[in-house]
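The values are calculated or read from the model by the stated rules, or taken from the named source; none is laboratory data. All figures in this text were calculated on a predicted structure; none of them were measured in a lab. FYI the Cβ positions are ideal-geometry reconstructions off the backbone, even for glycines, and counts take in every protein chain you see. Ligands, DNA and RNA are stripped out before the accessible areas are found, and what is left, the full protein with its side chains, is counted by its heavy atoms. Shrake-Rupley method; radii C 1.70, N 1.55, O 1.52, S 1.80 Å.
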Amino acid sequence: MSSEPATRGGWLTGGRVPDAALRGTDHAMAQIENVAILRRAVARRELRCVYQPIVELAGGAIVGAEALVRWDHPELGRVAPSRFVEDAEATGVVDVLGRFVLDEACHAARRWPVGPRGPVTVSVNVSPCQLGEGLLATEVERALESSGLDPARLVLEITESSEIRDPARAAADLREVRSLGVGVALDGLGSGYSSLLRLVRMPVDAVKVDRALVAAACEERHAAAVVRSLVALAQALEMSVVAEGVESAAERACLLELGCTLGQGYHFARPMPAGAFAARLARIRARPCRGDARGGPPGPVG
């Protein structure tokens, strides 16, 4: 049994109790406990990052990876990100979590060998809570200096469906980040209601098409037309396009037909530790990429 308390609104209960049930002191104590638990998890190295490759759909060459956080609790085992990331935002401890992931990703990427298309990028998710305070560029610059990573190899991902409290100030933060040479991607394109507006107003270099829309586009004519239009729009705005959640050769072929050039998903590789990703890059560096531009191989990379 863990020595940490099973909080009424905390991660250790296996779920959250509705806020209506957390009155006054109980709610405040639950938040304090959550903050303390996550801070201890960072200090004890219970959190770790894994990396899912981003590849060229046509040939399978690895061009980047997305950093994803995992929590291995000593008593509960694997804690799902959906259980603690949202709570981290609600309790104000997301800065601690974000700093950990940013530092881990930058240091890991600095050690990766060159990929088949040159140095690979690493993508780090940014919470909307981290935008609009004027501090993001300072954090990014600190992580880059500490790790020695080339700024051009870092991409910050902003979730399209996330609520941004002050879009104007958020855009100013992102412009400051881009002035460092860091890329910005709009994640989950097609999952929210404000996609087109954000494409126009947010300073982004790339878009990632939501996995649900990717799956639908390979099954439904109207969804395919939407993806084709989104890809054309992004390319007209000189943004690269990544299809998320690619799970089969058929989906890969479909996305190529729709104009997508990059993809990410279990068809190519599951998320893996930094060392395994580095080893995969080293294995494929000297050999040519397989596959043609239409839907044959490659399957899983490396």
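Tabulated data
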| item | result |
| --- | --- |
| Relative contact order, percent, segment 180-224 [alpha-carbon distance under 8 Å, six or more residues apart] | 41 |
| Most to least packed among 242-249, 68-75 [average Cβ atoms within 10 Å] | 242-249, 68-75 |
| Placed amide H near Ala243: partners under 5 Å, 5+ positions off or other chain | Val209, Leu262, Gly263, Gln264 |
| Paired Rg and Dmax values of segment 104-250, which use every Cα atom, in angstrom | 15.9, 48 |
| Rg and Dmax of segment 37-77, Cα atoms only, in Å | 15.0, 44 |
| Local net charge near Ala67, Cβ-Cβ under 11 Å (Lys/Arg +1, Asp/Glu -1) | -2 |
| Debye log10 I(q)/I(0) at q = 0.10, 0.21 Å⁻¹ for segment 105-192, Cα point scatterers | -0.26, -1.00 |
| Phi-based couplings in Hz for segment 250-256 (Karplus 6.51, -1.76, 1.60; Gly and Pro marked x) | 5, 5, 4, 5, 4, 5, 4 |
| Protection-proxy order for peptides 276-282, 254-260, each taking the mean of Cβ atoms within 10 Å per residue, highest first | 254-260, 276-282 |
| Candidates per trypsin sites (Lys or Arg not before Pro) in segment 160-261, loop by DSSP, up to 13 other Cβ within 10 Å | Arg165 |
| Residue-by-residue Karplus 3J(HN,Hα) for segment 69-79, coefficients 6.51, -1.76, 1.60, Hz, glycine and proline x | 8, 10, 10, 9, 6, x, 9, 8, x, 5, 9 |
| Rh (Kirkwood; distinct C-alpha pairs) - segment 60-121, Å | 13.6 |
| Highest-first arrangement of 97-108, 229-240, where packing means the average Cβ count within 10 Å | 97-108, 229-240 |
| Square roots of 5 times each gyration tensor eigenvalue, C-alpha, segment 215-284, largest first, Å | 26, 15, 9 |
| For segment 172-239, the spread of Cα positions along each principal axis, largest first, Å | 41, 20, 18 |
| Segment 90-160, accessible surface, carbon-and-sulfur percent (1.4 angstrom probe) | 50 |
